[in-house]
Amino acid sequence: MKEQLIADIKTTLSKNKVDALAQIAVRQANAVKDIIDLTFHPEEKIAFRAAWILENVYTNAPSNFAPAVTYFLDKFSSQNNLSARRHYGKILALLTKKNAPQEIKKALSEYDTEELVETTFAWLIDDDVPVAIKSHCLNILANFSVKHPWIKDELLQTMDYLVDKESIAFFAKVKQIRKQLKV
């Protein structure tokens, strides 16, 4: 599976091809773990494209992603490719939403999420991290504030600090998160 996927993603991908590869992946055993592994490929474009496919696997078939959710969570904090981080952030934001599938919620409730929270805060305050990733970080942290009540105050302080440093899009996201946190 990995070798074929690498061959398929070495060239530029269209949204349709990403969807097609995601559909193939959901039908194969261990494919999600293989894709997660490819998001750490030394060739940045391959890692990014694998992360894009991974996001589509989750959005198209969350129940097929569920068996690999712990593996994904274990790998989350070690993702250093900024292009792949954007997809990782979006996936974790979706995984932590109130309406996530029950099997995902169960896995997250049993998982020690402290390192995920620390990593997400680190990405949020990192000047080199693009605003799109930071936007997902805000969602992740707001979602985790239910499990970790201390996050709310820390997140509010961090948003206050960052709001003047970031773009107008970030400011709009901060307003949305404040509403979610009922502030």
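The values are calculated or read from the model by the stated rules, or taken from the named source; none is laboratory data. What you are looking at is a predicted structure, and each value in this text was computed from that prediction instead of being measured. Please note: Cβ atoms are built from the backbone with ideal geometry, for glycine as well, and neighbour counts cover all protein chains shown.
Pick out the one residue from ARG49, ARG86 that is of a type in the set (Lys, Arg) and closer than 16 Å to LYS134 by Cα.
Details: ARG49 fails: closer than 16 Å to LYS134 by Cα.
Residue meeting the stated conditions: ARG86.
Go through VAL18, VAL32 for me and flag whichever is closer than 16 Å to PHE72 by Cβ and surrounded by 15 or more Cβ atoms within 10 Å (Cβ to Cβ).
Working: VAL18 fails: closer than 16 Å to PHE72 by Cβ.
The conditions single out VAL32.
Would you pick out the residues in the range 157-174 that are among the basic types (Lys, Arg), part of a helix (DSSP H, G or I) and exposed (fewer than 13 other Cβ atoms within 10 Å of the Cβ)?
At the first step, the residues of the range 157-174 found to be among the basic types (Lys, Arg) are 165, 173.
Of the ones still in play, those that are also part of a helix (DSSP H, G or I) are 173.
If the condition is that a residue be among the basic types (Lys, Arg), part of a helix (DSSP H, G or I) and exposed (fewer than 13 other Cβ atoms within 10 Å of the Cβ), then no residue fits.
Determine which member of the set GLU103, GLU166, GLU118, GLU110 is farther than 29 Å from ALA61 by Cα, among the charged types (D, E, K, R) and over 12 Å from the mean Cα position of the chain (by Cα). Walk me through it before giving the result.
On the way: GLU103 fails: farther than 29 Å from ALA61 by Cα; GLU118 fails: farther than 29 Å from ALA61 by Cα; GLU110 fails: farther than 29 Å from ALA61 by Cα.
Checking each option against the conditions leaves just GLU166.
For LEU108, are the conditions met, namely being farther than 21 Å from SER135 by Cβ and at pLDDT 95 or above? Steps first, please.
Values: farther than 21 Å from SER135 by Cβ: no; at pLDDT 95 or above: yes.
Considered against the rule, which asks whether it is farther than 21 Å from SER135 by Cβ and at pLDDT 95 or above, LEU108 comes out as no.
Taking the range 125-149, which residues are more than 17 Å from the chain's Cα centre (by Cα) and within 23 Å of ILE104 (Cβ to Cβ)?
Within the range 125-149, VAL146, LYS147, HIS148, PRO149 meet the criteria.
If a residue counts only when it is loosely packed, with under 14 Cβ neighbours inside 10 Å and of a type outside the set (Ser, Thr, Tyr), which helices (runs of 4 or more DSSP H) contained entirely in the range 70-127 have at least 1 such residues? Let's see the steps before the verdict.
Values: elements: 82-95, 102-110, 114-125.
Answer list for the range 70-127: 102-110, 114-125.
Specify the residue that is modelled with the lowest pLDDT; the eligible residues are those in the range 1-22 that are of a type in the set (D, E, K, R) and touching a Leu at 6+ places or on another chain (Cβ under 8 Å). Before the answer, list the steps.
Step one: of the range 1-22, the residues of a type in the set (D, E, K, R) are 2-3, 8, 10, 15, 17, 19.
So of that shortlist, the ones also touching a Leu at 6+ places or on another chain (Cβ under 8 Å) come out as 2, 8.
On the way: LYS2: 82, ASP8: 86.
If we take residues in the range 1-22 being of a type in the set (D, E, K, R) and touching a Leu at 6+ places or on another chain (Cβ under 8 Å), then LYS2 is modelled with the lowest pLDDT.
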